[in-house]
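Heads up: the structure comes next, in structure tokens.
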Amino acid sequence: MTEATDPTTWGAQVAQELRGPGTDRGPDGPERRDPASTVAFANQKGGVGKTTTVISLGAALVELGERVLLVDMDPQGSLGVGLGIEPHSREVTVYNLLMQDGSTFEEAVVGTAIEGLDLLPANIDLAAAELLLVQETAREQALQRVLREARYRYDRILVDCPPSLGLLTINGLTAADGVIVPLECEYFALRGMSLLMQTLERVRARLNPDLELQGIVATMVDTRTLHAREVLERVREAFGDLLYTTTINRTIRFAEAPVAGEPILTYSSESRGAGAYRELAREIRGRETVST
Ligand SMILES: Nc1ncnc2c1ncn2[C@@H]1O[C@H](COP(=O)(O)OP(=O)(O)OP(=O)(O)O)[C@@H](O)[C@H]1O
Ligand SMILES: [Mg+2]
């Protein structure tokens with residue numbers, strides 16, 4: 001039987017035509033879709049809620065039907081730990097892919113307990129990449145290359161950057177379409193923001209002209225205090241609509257969830273914290289509908 005008359009391939013062709021452009025099931029590959037929107041979560045200040053936001057927002061986007069890949073660019077490996085995956089026992093991680101040692105994406109990627117949520121883990125090996133990559137020519141584009149194919153398997157890729165503006169964060173920003181800045185709502189919140197903004201400018205000028213500052217999310221907000229409301233007001237004055245309306249309250253539940261190895265959305269599904277990240281997911285998607 002020739003390929004043209006083989007009912008199985010013919011059926012697949014018709015199905016492809018009906019699906020239209022944007023999806024294309026390659027002969028041996030998984031279904032192809034429009035490339036995922038890639039978002040880097042960056043703030044060189046430590047402990048502001050980057051990792052918590054990546055995990056919780058990722059889980060919330062999956063609840064809304066998206067296929068999501070979380071990428072750890074932090075040698076601390078907290079993203080895996082927060083999802084109950086022990087990153088230090090993993091043989092192949094994002095490090096191997098960045099260093100092009102012959103490992104494949106399939107060997108590195110791990111499914112999580114939540115269907116539709118995958119993780120590209122990192123561990124302490126990644127600390128070496130920061131030094132080794134310096135000698136490479138396309139050192140800032142290494143993550144972009146790693147995700148080039150993977151982008152067609154997901155609706156969204158969330159990249160968790162380390163608390164620095166070094167090469168690993170620059171890789172995250174170069175691979176991304178947009179950046180979201182988690183900002184801890186405390187007195188010195190705005191300190192360091194101008195350095196972060198300059199870094200975004202530099203990345204735009206040299207590496208990724210389309211990088212968009214997608215938004216700023218206020219984390220660890222204690223709305224009971226006047227102080228927190230004042231800080232929010234100052235952030236609003238400085239950044240206007242870039243500050244998401246949804247804010248994330250300070251609550252102990254966020255410290256408990258990573259110990260349990262699951263996102264707050266499943267660990268404490270009815271909590272205010274879980275609700276806040278669901279609302280943030282809807283706000284982010286709502287803004288996309290308006291702007292496209
Ligand atoms: N809204 C919140 N309320 C209370 N605790 C929180 C909140 N968000 C995060 N935390 C806790 O604060 C700590 C730091 O959070 P997280 O690890 O997400 O920050 P980070 O910016 O990724 O840190 P790093 O810069 O070290 O990567 C964690 O123990 C986390 O559980
Ligand atoms: Mg972190």
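Laboratory data are not the source of any read-out in this text; all were calculated from the coordinates shown. The structure displayed is predicted, hence computed values, not measured ones. All Cβ positions, glycine included, derive from the backbone under ideal geometry; neighbour counts span all protein chains shown.
Observations on the model:
- Summarising the label geometry, the points placed 7 Å from Cα in the beta-carbon direction at residue 252 and residue 289 lie 3.8 nm from one another.
- Summing charges over all other residues whose Cβ lies under 13 Å from the Cβ of residue 58, with Lys and Arg as +1 and Asp and Glu as -1, gives -4.
- Arranged from fewest to most other beta-carbon atoms within 10 Å of their beta carbon, 134, 231 become 134, 231.
- For the chain, the longest site-free run once GluC sites (Glu not before Pro) in DSSP loop states with at most 12 other Cβ atoms within 10 Å are removed: 116-269
- Residue-span extension gain [residue 145 to residue 195] - 0.36 nm each, minus C-alpha spacing: 15.3 nm
- By other beta-carbon atoms within 10 Å, ranking 125, 72, 241 with the fewest at the front produces 241, 125, 72.
- Spacing of the two label points (7 Å from each Cα toward its C-beta) at residue 227 and residue 110, in nm: 3.8 nm
- Each residue, residue 237 and residue 187, gets one label point 7 Å from its Cα in the Cβ direction; the gap between the two is 1.7 nm.
- Amide H contacts for residue 71 (H built 1.01 Å from N in the peptide plane; partners 5 or more residues away or on another chain; cut-off under 5 Å): 120, 158, 159, 160.
- Average projected area [Cα convex hull, the chain], square nanometres: 17.3 nm²
- Protection proxy ranking, peptides 161-167, 204-210, average beta carbon neighbours within 10 Å, highest first: 161-167, 204-210
- Evaluated with a Cβ-only charge set (Lys, Arg +1; Asp, Glu -1), the range 30-291 carries a dipole of roughly 620 debye about its Cα centre, given to the nearest 20.
- Measuring nothing but how far apart in sequence close Cα pairs (under 8 Å, 6+ apart) lie, relative to its length, the chain scores a relative contact order of 23 percent.
- Over all other residues within a Cβ to Cβ distance under 12 Å of residue 116, the charged ones net out to -2, with Lys and Arg as +1 and Asp and Glu as -1.
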